[in-house]
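Student: Take a look at this one; I'll ask things after.
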Amino acid sequence: MKNNNQTRIHFKGLGDVLVHHMCFEQGSLIADEHTFNIKKPNEYARWRSKRKETYLAGRLAVQLAQSAQNLPLFDVIRGNDGAPIWPSKYLGSISHTDNEAVAIVIESAKLSIKGIGIDIERVQSATQLQDRELIGEAAEYDLLRKVGFDENMAILVLFSLKESVYKALYPSVKQYFDFLDAELVELEEHHCCIRTKVKLSDAVPAEVLVTAAYQLQNANLLSVAYW
């Protein structure tokens, strides 16, 4: 395992959101998994090592968040749809790359929000993303180019922002929805607003505004969204 740290992202009207990072060397978590107090899903034994490791890293990042905030160490189990299931008094989100996991855990009573989502992407993957038209529309890419992103980074940033929005909304939607069902409508510095274009569920109608922010961190791009 490697060093772990925190990222503090400030939102106007909400305050600081603390992101906890769990960095690891590939293979290290599998070797030590017997020492972790992490509840594993039934299908865990059938997973490949890489999937096991990112699962462990995500739950360890959750434990870092819990410890840092003096929260009880509850399990975050995996639902049938693959999404993490959070206890009713908490909101949270998990994301990972091949060697780093990030997590947010907050007490829902302390913040008047309905959902929160996080995404982390490796910057080098900007050259690998395709199907830009499945991620966003021309007006969205224009907003990103105006703040200085080239074509590849504009696609990556929009992908990451919408991934964090997806995770923030999914617990209230409970079914797959498309990236094109939401659109980037405002962008100022590292903060933005994304709006749903269609009704996603009774709880998430059209025209819902989701606040998001992104941050470049050396080799990674981090995005957080809430509503």
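Student: Please go through region 159-206 and give me each residue that is within 26 Å of residue 88 (Cα to Cα), in contact (Cβ under 8 Å) with a residue 40 or more places away in the chain and surrounded by 22 or more Cβ atoms within 10 Å (Cβ to Cβ), ordered by number.
Tutor: Scanning region 159-206 gives 161, 164, 165, 167, 168, 169.
Student: Could you tell me whether region 35-57 includes any residue that is touching a strand residue (DSSP E or B) at 6+ places or on another chain (Cβ under 7 Å) and modelled with pLDDT of 95 or more?
Tutor: Among the residues of region 35-57, at least one is touching a strand residue (DSSP E or B) at 6+ places or on another chain (Cβ under 7 Å) and modelled with pLDDT of 95 or more, which makes the answer yes.
Student: Ok, one more. Can you find a residue in region 67-85 that is in contact (Cβ under 8 Å) with a residue 40 or more places away in the chain, out of contact with any helix residue (DSSP H, G or I) (no Cβ under 7 Å at 6 or more places or on another chain) and surrounded by 18 or more Cβ atoms within 10 Å (Cβ to Cβ)?
Tutor: For region 67-85, residues in contact (Cβ under 8 Å) with a residue 40 or more places away in the chain, out of contact with any helix residue (DSSP H, G or I) (no Cβ under 7 Å at 6 or more places or on another chain) and surrounded by 18 or more Cβ atoms within 10 Å (Cβ to Cβ): absent.
Student: Give the residues of region 122-143 that are more than 26 Å from residue 218 (Cβ to Cβ) and either free of Cβ contacts under 8 Å to residues at least 40 places away in the same chain or not assigned by TED's automatic domain parsing to the domain that holds residue 162 (or both), sorted by residue number.
Tutor: 131, 133, 138, 142
Student: Now a separate question. Could you figure out which of (1) β-branched (Val, Ile, Thr); (2) touching a Phe, Trp or Tyr at 6+ places or on another chain (Cβ under 8 Å); (3) closer than 27 Å to residue 14 by Cα isn't true of residue 120?
Tutor: Exception for residue 120: condition (2).
Student: Ok, one more. Test each condition in (1) crowded, with 19+ Cβ neighbours inside 10 Å; (2) closer than 17 Å to residue 205 by Cα for residue 156 and report the one that comes out false.
Tutor: All conditions pass for residue 156, except number (2).
Student: Further question: Is it the case that residue 119 is touching a residue at least 60 places away in the same chain (Cβ under 8 Å), closer than 26 Å to residue 173 by Cα and not basic (Lys, Arg)?
Tutor: yes
Student: Looking only at region 100-112, which residues are crowded, with 17+ Cβ neighbours inside 10 Å and either assigned to a strand (DSSP E or B) or β-branched (Val, Ile, Thr) (or both)?
Tutor: Passing the criteria: 100, 101, 102, 103, 104, 105, 106.
Student: Next question, about the same structure. Mind checking which residues of region 65-99 are farther than 17 Å from residue 36 by Cβ and part of a strand (DSSP E or B)?
Tutor: Correct list: 85, 90, 91, 92, 93, 95.
Student: How many residues, within region 30-54, are of a type in the set (Asp, Glu) and loosely packed, with under 10 Cβ neighbours inside 10 Å?
Tutor: 1
Student: For residue 105, which of the numbered conditions (1) more than 18 Å from residue 10 (Cα to Cα); (2) not assigned by TED's automatic domain parsing to the domain that holds residue 215 fails to hold?
Tutor: With respect to (1) more than 18 Å from residue 10 (Cα to Cα); (2) not assigned by TED's automatic domain parsing to the domain that holds residue 215, residue 105 is out only on (1).
Student: Would you check if residue 223 is among the polar types (S, T, N, Q) and outside any strand (DSSP E or B)?
Tutor: Against the criterion (among the polar types (S, T, N, Q) and outside any strand (DSSP E or B)), residue 223 does not qualify.
Student: Residue under question is residue 65, and the condition is that it be within 24 Å of residue 108 (Cβ to Cβ), in contact with a strand residue (DSSP E or B) (Cβ under 6 Å, 6 or more places away or on another chain) and of a type in the set (A, V, I, L, M, F, W, C); does it hold?
Tutor: yes
Student: Kindly evaluate residue 26 against the criterion of being in contact (Cβ under 8 Å) with a residue 24 or more places away in the chain and either of a type in the set (Asp, Glu) or more than 25 Å from residue 117 (Cβ to Cβ) (or both).
Tutor: yes
The values are calculated or read from the model by the stated rules, or taken from the named source; none is laboratory data. Note that the structure is a prediction, hence the values are computed from the model and not measured. Neighbour counts are summed over all protein chains in view; Cβ atoms, including those assigned to glycine, are modelled from backbone coordinates with ideal geometry.
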